[in-house]
Amino acid sequence: MKLRALPTAFLLAGILSARVWADAGYTSANFLKLGMGARAIGMADSFTAVADDSTAVYWNPAGLDQTWGTELSLTHSEYLEGVNLDFLSLSQSLGDDGALGIGFSGLGLQPFLATLEGPGGSYAGTGAAVNVSDWALSVGYANRLGKFTGNNLFQNTLVGVKVDILDQNEAGPTGAAFSVDAGALQLFPKDHLSVGLDVQNLGSAVQQRGQPVLFKAGAAWYSLRLLDPTDRLTLAADADLYSDTGFEPSLGAEYGIGLDKEDRGFLRAGLRKTDN
């Protein structure tokens, strides 16, 4: 993938933007839009071109080929009013054969009693407990494009694909669906630069409502030994285009430094415009 391919991607995104607002509030499985993994969330979701750990199975499946050995990530988030989000990701490097990734995300609400309505809309007490939960199971694979083409020119081009099976349960079964993500990463090691593209949530509808399709483009740059021989500064930017809520840019930064021979500490910050 060449840098000149990026204008084409943004042109396609611009065509889509002409109709995005018409779908606001009419998509299903919107829990898929919630960021997964504490690291990426700390960088304001600017992770499309970083994607170098097991959470790449969510952010950009092509990044799975940047993982080492076996990596496991567990995240638990608590929102207002008893809403909980859990995410697990596991990746396994296969060496020259690429990498595999598995992810599971679940959004749940603590059970509450239903409110009953009497004649004329009057309050009639409470009824049975209401349970609400959404989940998605993901399987992804990535490898270097050069492995498929046999051309050394693409040894720094990573490609990946992910398949999701998801389910919505809102006061009773709502529906199940599947979706596919496809991503690419172009690495420029000498320049400490990477560029990423990703398309997410291309799949079937739930109760006649389509999933929130997302086009992602991002860039990331890092510097070593900026203030200390062991440190690394990463700067990232994403441009996201949702099929229902439109354009949402973000900026993120991560500064890591060695604390001792085995441990590292990290500071992360970011800024994101969102209408989710």
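Here are the numbers for this structure:
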item	result
Cα-based helix-to-principal-axis angle, 5-17 vs the chain, degrees rounded to 10	20 degrees
Where labels lie 7 Å past Cα in the beta-carbon direction, separation of Gln207 and Glu262 in nm	5.1 nm
Value of Rg to Rh for the stretch 233-276 (Rh from inverse mean 1/r over Cα pairs, i.e. Kirkwood)	1.21
The chain, Rg to Rh (Cα coordinates; Rh as Kirkwood inverse mean 1/r)	1.02
Sites Lys190 and Val83, calculated FRET efficiency, Cβ-Cβ separation with R0 41 Å, nearest 0.05	0.35
3J(HN,Hα) from dihedral phi, the stretch 186-198, Karplus parametrisation 6.51/-1.76/1.60, rounded to Hz, x for glycine, proline	10, 9, 10, x, 5, 9, 6, 10, 9, 10, x, 9, 7
Computed over the stretch 73-228, Kirkwood Rh from alpha-carbon pairs, angstrom	19.2 Å
Kirkwood hydrodynamic radius (C-alpha pairs) into Stokes-Einstein, the stretch 94-186, 20 °C and 1.002 mPa s, D in µm²/s	127 µm²/s
Percent of Cα pairs exceeding the 18 Å cut-off, where the set is the stretch 145-191	53 percent
Cα convex hull of the stretch 178-276, projected area averaged across orientations, nm²	8.3 nm²
Residue-averaged 222 nm ellipticity for the chain, from DSSP H runs of 4+ at -39500 (n - 2.57), nearest 500	-2500 deg cm²/dmol
Rounded Å value of the spacing that divides the Cα centres of the stretch 31-74 and the stretch 116-138	35 Å
Accessible surface of the chain [probe 1.4 Å, protein heavy atoms]: carbon and sulfur percent	62 percent
Distribution of pairwise C-alpha distances over the stretch 36-152, 5 Å bins, in %	2, 11, 16, 16, 13, 9, 7, 6, 5, 5, 3, 2, 1, 1, 0
Per-pair calculated FRET efficiency, R0 = 45 Å: Val161 and Ala128 via Cβ, rounded to 0.05	0.60
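The values are calculated or read from the model by the stated rules, or taken from the named source; none is laboratory data. A quick note: this is a predicted structure, and the numbers were derived from the prediction, not measured. Cβ coordinates were reconstructed from backbone atoms using ideal geometry, including for glycine residues, and neighbour counts include every protein chain displayed. All accessible areas refer to the heavy atoms of the entire protein, side chains included, with ligands and DNA or RNA removed. Shrake-Rupley method; radii C 1.70, N 1.55, O 1.52, S 1.80 Å.
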